[in-house]
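Below you'll find the structure, written out as structure tokens, and then a few comments.
Each value in this text was obtained by applying a stated rule to the coordinates, not by laboratory testing. Everything numeric here is computed off the predicted structure, so don't read it as measured data. A quick note on method: Cβ atoms are made from the backbone with ideal geometry, for glycine too, and the neighbour counts reach across all protein chains shown.
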Amino acid sequence: MFGGIDKATGKVFFQPMRKKSDTRDAMEAYMAHIAADCPSIQAHMQRYIEGFQVPGLKIVTSDRGGEFTTTFGCTETPFDELLRGLVHRLGSP
């Protein structure tokens, strides 16, 4: 199971997976979900804060599992490649 939590809105996203190597596909689905929600969140917030912008996904936090990054950091995984341009924070396993 892949789980994502949008800290800005508190929305939770779950994507079932058959194997850990499906993490990239699950992350792509999560990113599409966030991108689809941004315009409605921005429209709602602009009623209260003029010029409020919702830039989308900018920071991803994950554990140091092999599906998210390499053990030694020398090579780039498909997941790392997907997150280029974003901040990827790694926590404890």
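Structure data summary
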| quantity | calculated |
| --- | --- |
| Stokes-Einstein D (µm²/s) once Rh is taken as the Kirkwood radius of segment 2-90 over alpha-carbon pairs, at 4 °C in 1.567 mPa s | 90 µm²/s |
| Residue-averaged [θ]222 nm for the chain, counting only DSSP H segments that reach four residues, each worth -39500 (n - 2.57) | -10000 deg cm²/dmol |
| Relative contact order (%) - segment 2-90, alpha-carbon pairs under 8 angstrom, separation at least six | 23 percent |
| Degrees between helix 23-46 axis and first principal axis of the chain (Cα, 0 to 90, nearest 10) | 10 degrees |
| Qualifying trypsin sites (Lys or Arg not before Pro) for segment 38-93 [loop in DSSP, other Cβ within 10 Å: at most 15] | Arg47, Lys58, Arg64, Arg84 |
